[in-house]
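Asks: The structure that follows is given in the form of structure tokens.
The values are calculated or read from the model by the stated rules, or taken from the named source; none is laboratory data. None of these values were measured; they are calculated from a predicted model. Cβ sites come from the backbone with ideal geometry, for glycine too, and all protein chains shown count toward neighbours. When the accessible area is computed, the model is the full protein with side chains, heavy atoms only, and any ligands, DNA or RNA have been set aside. Shrake-Rupley method; radii C 1.70, N 1.55, O 1.52, S 1.80 Å.
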Amino acid sequence: MRRSFPRRHFLRSLAFAFAATLTTFTAAPPAFAADKVTFGTNWVAQAEHGGFYQAVVDGTYAKYGLDVTILPGGPQANNRLLLPVGKIDFYMGANMLQAFSSVVEGIPTVIVAALFQKDPQVLIAHPDVKTFEDLKTKTLFISKEGLASYYQWLVADFGFSENQVKPYTFNAAPFLADKNSAMQGYITSEPYAVEQQGGFKPQLFLLADQGFDTYSTTIETRSELVKSNPDLVQRFVDASIIGWYNYLYGDNAKANALIKKDNPEMTDEMIAFSIDKMKEYGIVDSGDTRSLGVGAMTDEKIKSFYDKMVRAKVVKADIDYKKSYTTQFVNKGVGKELAPK
């Protein structure tokens, strides 16, 4: 016998079923595709790029809704040229001099973060050299780029002479052969080569600790992107900052593996040396980062560097240098909890 089913019960059941279906749809938000971003570096993959690689491999970029491709630079690449024409979205700048140059040349790009509080530029000397002043009596192997930039500051502020300079060919052999010489380098790289080839620990004089106070390893993007999509810029900056905290203070094994994949000439020993020097000298995390967080930039520090470069006649005094950067996306303490207490 067929059992009767009152109409009101049927309508109530139908309402419950509809509500349940509606709840199912509303409880699961639609999945959105991550924003595809290309980040170009200024050299081959190395530990000095580690925080960006860390944010790729540990899912930090993905957490921030980003699908990031790292495009390594190198001797046959100039990724900086790809930025203003829209081929890449972000670029890893070397120091603020490039940014000042962009203002002069009318290139519509802007620095939005500075991952290195200190430029890694160093003068490497033999063990008998005890003070920075002693370098003024040495032969100095300096590249033409160095001669046109930081060396002019050494001349203006410290009394160094261009007569003591010989060309640097990115080879430690001339320095090793001349006991009365010093050579340029990055504190995270060339000292390792000197130790391996020369069999001694050289004396290191980080120019940042002598007053060459430019930011380095910056994040640069197009001015148009800052205006049209500040949320994208903020997410990339924040995720990169967290990547750097995790790379320096967390498990960086997967990031180092990806670095070595992109640059097969890189070794575990070289990476370990670079990380040790970044920590020892406070390249990433020091000074203003203690209160403002990694990536920090301040108007005062950029003005200080600009004034020094004007005094050294490296840049002109009439540049509207404030167009070269913005602090809109930094100084918010992002990721500070990841630093050692």
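Asks: May I ask you to say which residue of ALA239, ALA257 is surrounded by fewer than 17 Cβ atoms within 10 Å (Cβ to Cβ) and assigned to a helix (DSSP H, G or I)? Don't jump to the end; show me each part of the working.
Replies: On the way: ALA239 fails: surrounded by fewer than 17 Cβ atoms within 10 Å (Cβ to Cβ).
Being surrounded by fewer than 17 Cβ atoms within 10 Å (Cβ to Cβ) and assigned to a helix (DSSP H, G or I) holds for just one of ALA239, ALA257, which is ALA257.
Asks: With respect to ALA177, is the statement that it is more than 28 Å from the chain's Cα centre (by Cα) and open to solvent by 50 Å² or more (accessible area, probe 1.4 Å) true?
Replies: Criteria met by ALA177.
Asks: To continue, here is another question. Being part of a loop (DSSP other than H, G, I, E, B) and in contact with a His (Cβ under 8 Å, 6 or more places away or on another chain) is the requirement here; does LYS130 meet it?
Replies: Working: part of a loop (DSSP other than H, G, I, E, B): yes; in contact with a His (Cβ under 8 Å, 6 or more places away or on another chain): no.
Against the criterion (part of a loop (DSSP other than H, G, I, E, B) and in contact with a His (Cβ under 8 Å, 6 or more places away or on another chain)), LYS130 does not qualify.
Asks: Determine whether region 58-68 contains at least one residue that is touching a Ser or Thr at 6+ places or on another chain (Cβ under 7 Å) and open to solvent by 10 Å² or more (accessible area, probe 1.4 Å).
Replies: no
Asks: Now for a separate question. I'd like the residue in region 224-236 that is among the charged types (D, E, K, R) and over 20 Å from GLU337 (Cβ atoms) and, out of all such residues, is surrounded by the most Cβ atoms within 10 Å (Cβ to Cβ).
Replies: Among them, the one singled out is GLU224.
Asks: Name the single residue, out of those in region 189-207 being open to solvent by less than 20 Å² (accessible area, probe 1.4 Å) and not in a strand (DSSP E or B), that is farthest from VAL122 (Cα to Cα).
Replies: The qualifying residue farthest from VAL122 (Cα to Cα) is VAL194.
Asks: Moving on to the next point. Quick check on region 224-236: of everything there that is part of a helix (DSSP H, G or I) and free of Cβ contacts under 8 Å to residues at least 60 places away in the same chain, which residue is nearest to the chain's Cα centre (by Cα)?
Replies: ASP231
Asks: Can you pull out every residue in region 97-127 that is assigned to a helix (DSSP H, G or I) and of a type in the set (D, E, K, R)?
Replies: Matches in region 97-127: GLU105 only.
Asks: Starting from region 157-170, keep only residues that are among the small types (Gly, Ala, Ser), then list their pairs with residues that are open to solvent by 100 Å² or more (accessible area, probe 1.4 Å) whose Cβ atoms are within a distance under 9 Å, requiring at least 6 positions of separation or different chains.
Replies: Here the result reads none, with nothing in region 157-170 linked to a residue that is open to solvent by 100 Å² or more (accessible area, probe 1.4 Å).
Asks: Now for a separate question. Before we move on, is LYS136 open to solvent by 10 Å² or more (accessible area, probe 1.4 Å), touching a Gly at 6+ places or on another chain (Cβ under 8 Å) and of a type outside the set (Gly, Ala, Ser)?
Replies: Here the answer is yes, as LYS136 does meet what is asked.
Asks: Let me ask you something else. Part of a loop (DSSP other than H, G, I, E, B) and either aliphatic (A, V, I, L, M) or in contact (Cβ under 8 Å) with a residue 12 or more places away in the chain (or both) - does that describe any residue in region 147-154?
Replies: The answer is yes; a qualifying residue exists.
Asks: Same structure, new question: Can you pull out every residue in region 186-206 that is in contact with a Leu (Cβ under 8 Å, 6 or more places away or on another chain) and either within 21 Å of TRP43 (Cα to Cα) or modelled with pLDDT under 95 (or both)?
Replies: Answer for region 186-206, where residues must be in contact with a Leu (Cβ under 8 Å, 6 or more places away or on another chain) and either within 21 Å of TRP43 (Cα to Cα) or modelled with pLDDT under 95 (or both): ILE187, PRO191, VAL194.
Asks: Report yes if some residue within region 283-291 is open to solvent by less than 10 Å² (accessible area, probe 1.4 Å), in contact (Cβ under 8 Å) with a residue 12 or more places away in the chain and not in a helix (DSSP H, G or I); otherwise report no.
Replies: Yes, there is a match, as at least one residue in region 283-291 is open to solvent by less than 10 Å² (accessible area, probe 1.4 Å), in contact (Cβ under 8 Å) with a residue 12 or more places away in the chain and not in a helix (DSSP H, G or I).
Asks: With the structure loaded, tell me whether THR221 is within 16 Å of VAL122 (Cβ to Cβ), open to solvent by less than 30 Å² (accessible area, probe 1.4 Å) and within 16 Å of the chain's Cα centre (by Cα) or whether it fails that test.
Replies: Judged against the criteria, THR221 is not a match.
Asks: While we're looking at this one, here's another question. (1) within 17 Å of THR218 (Cα to Cα); (2) aliphatic (A, V, I, L, M); (3) in a helix (DSSP H, G or I): which one isn't true of ALA94, the others all being true?
Replies: (3)
Asks: Something else about it: ASP251 fails exactly one of the following numbered conditions: (1) closer than 21 Å to PHE100 by Cα; (2) outside any helix (DSSP H, G or I). What is the number of that condition?
Replies: For ASP251, the failing item is (1).
Asks: Which condition breaks for GLU162 when tested against (1) of a type outside the set (A, V, I, L, M, F, W, C); (2) surrounded by fewer than 18 Cβ atoms within 10 Å (Cβ to Cβ); (3) closer than 25 Å to GLU48 by Cα?
Replies: (3)
Asks: Something else about it: From VAL314, VAL310, grab the single residue that is of a type in the set (A, V, I, L, M) and in a loop (DSSP other than H, G, I, E, B).
Replies: The conditions single out VAL314.
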